[in-house]
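Engineer: Questions regarding the structure given below will be posed in turn.
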């Protein structure tokens with residue numbers, strides 16, 4: 001399936017258009033045509049064996065490195081992807097696309113419905129991690145890449161990486177799964193539901209049709225982001241960074257302004273988030289994460305176990321202070337892979353930076369990822 005490619009100068013992204021493809025979603029709904037916004041870094045080698053797909057997390061996008069024109073900041077993983085960095089673009093050709101359902105140029109709730117001048121809004125069909133990966137596979141096929149050297153992702157990106165192993169095992173050689181799980185826990189679903197209710201309770205949301213009046217449910221989306229951001233941190237990290245320090249004052253105000261630094265920080269996170277992310281996309285993508293379950297009705301994921309993916313090398317990484325996707329949930333993946341005699345390495349990294357550790361300066365993570373990639377790339381070239 002070949003896509004039509006163009007460049008969006010405003011988004012500084014390549015756009016792959018898939019027209020009249022009738023993409024069937026896991027829900028049974030069909031999207032006639034869709035587009036994926038993506039970025040590439042580095043150069044594809046002659047035999048096309050150095051391609052790496054990086055899958056972004058919930059609020060990420062295609063700007064894994066370089067400049068992000070939406071925020072004016074560096075890409076969300078610039079410390080990891082680039083020349084002479086752990087994912088070395090002198091060596092690898094890196095691809096990152098905004099997921100189906102996203103809001104950075106790919107088809108999602110904020111985009112116009114096919115053949116219409118009205119955005120999807122709440123009429124956008126439900127998408128799952130499986131649907132996102134299906135769309136990504138069409139992009140990789142259209143780039144004439146038969147096999148990816150690796151798929152890498154953290155959090156929601158880790159879910160996508162595992163889904164690749166199930167659905168397209170013949171198209172990948174290596175997987176790096178960071179801070180994820182085989183399924184979304186009840187606690188994580190609960191946090192997402194509180195965030196969704198905050199958005200849907202905002203009177204501006206209007207059943208997802210806020211765009212008709214050129215409005216944004218800022219209050220609801222801001223609160224959703226504040227709630228989520230708490231889960232990305234650890235208690236130790238919050239205590240170290242903020243403690244009970246007051247914000248721009250010497251004494252408490254005895255009111256409801258932001259007395260404490262942590263309050264000011266969360267309010268800033270919420271305010272800045274609404275400037276770059278779509279509320280409806282947040283609803284759809286959190287739901288996709290909630291629906292993710294590779295172990296439903298099985299003690300050992302049968303769907304995963306019987307996939308012909310024995311050639312794939314897996315690296316599973318967790319962080320000691322991550323309570324959103326704790327080590328025990330990551331080790332369930334390792335145990336399942338070992339049970340099915342797969343090639344898997346596991347690293348639990350000591351850090352107090354919480355779930356967001358994979359986005360922050362954690363030198364042991366850098367060494368672990370670069371070592372895995374370099375070792376397996378050397379083996380591939382030596383064959």
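Engineer: What whole-number volume per residue, in cubic angstrom, does the convex hull of the C-alpha atoms of segment 239-286 give?
Structural biologist: 112 Å³
Engineer: Fewest to most neighbouring Cβ within 10 Å: what's the order for 189, 152, 349?
Structural biologist: 189, 349, 152
Engineer: Oh, and also: In square nanometres, what is the average projected area of the Cα convex hull of segment 176-238? Before the final figure, lay out the partial values.
Structural biologist: Values: hull surface 25.0 nm².
Answer in nm², one decimal: 6.2.
Engineer: Sticking with this one: Could you put 259, 117 in order, starting from the residue whose Cβ has the fewest other Cβ atoms within 10 Å?
Structural biologist: 117, 259
Engineer: Ok, one more. Label point 7 Å out from residue 213 along Cα-to-Cβ: which residues of segment 258-277 have amide N under 20 Å?
Structural biologist: The answer is 274-275, whose backbone nitrogens lie closer than 20 Å to the label point.
Engineer: Another question about this same structure. What's the percent breakdown of Cα-Cα distances in segment 42-111 across 10 Å bins, shortest bin first?
Structural biologist: Percent of pairs per bin, in order: 21, 46, 27, 6.
Engineer: Okay, next question. Computed over the Cα atoms of segment 188-287, what is the convex hull's projected area averaged over all directions, in nm²? Each step should come with its number before you reach the end.
Structural biologist: Details: hull surface 29.7 nm².
Mean shadow area of the hull around the Cα atoms is 7.4 nm².
Engineer: Calculate the tail of P(r) for segment 11-79: the fraction of all Cα-Cα distances greater than 13 Å, expressed in %.
Structural biologist: Summing the P(r) tail past 13 Å for segment 11-79 gives 73 percent.
Engineer: If we restrict to alpha carbons, what Rg and Dmax does the chain come to, in Å?
Structural biologist: Rg and Dmax of the chain, Cα atoms, are 20.6, 70 Å.
Engineer: What is the antiparallel percent of DSSP beta bridges lying wholly in the chain, to the nearest 5?
Structural biologist: 45 percent
Coordinate-derived values only; no laboratory data. On a predicted model such as this, the values are computed, not experimentally measured, just so you know. Note that each Cβ is placed from the backbone with ideal geometry, even for glycine, and that neighbours are counted across all protein chains shown.
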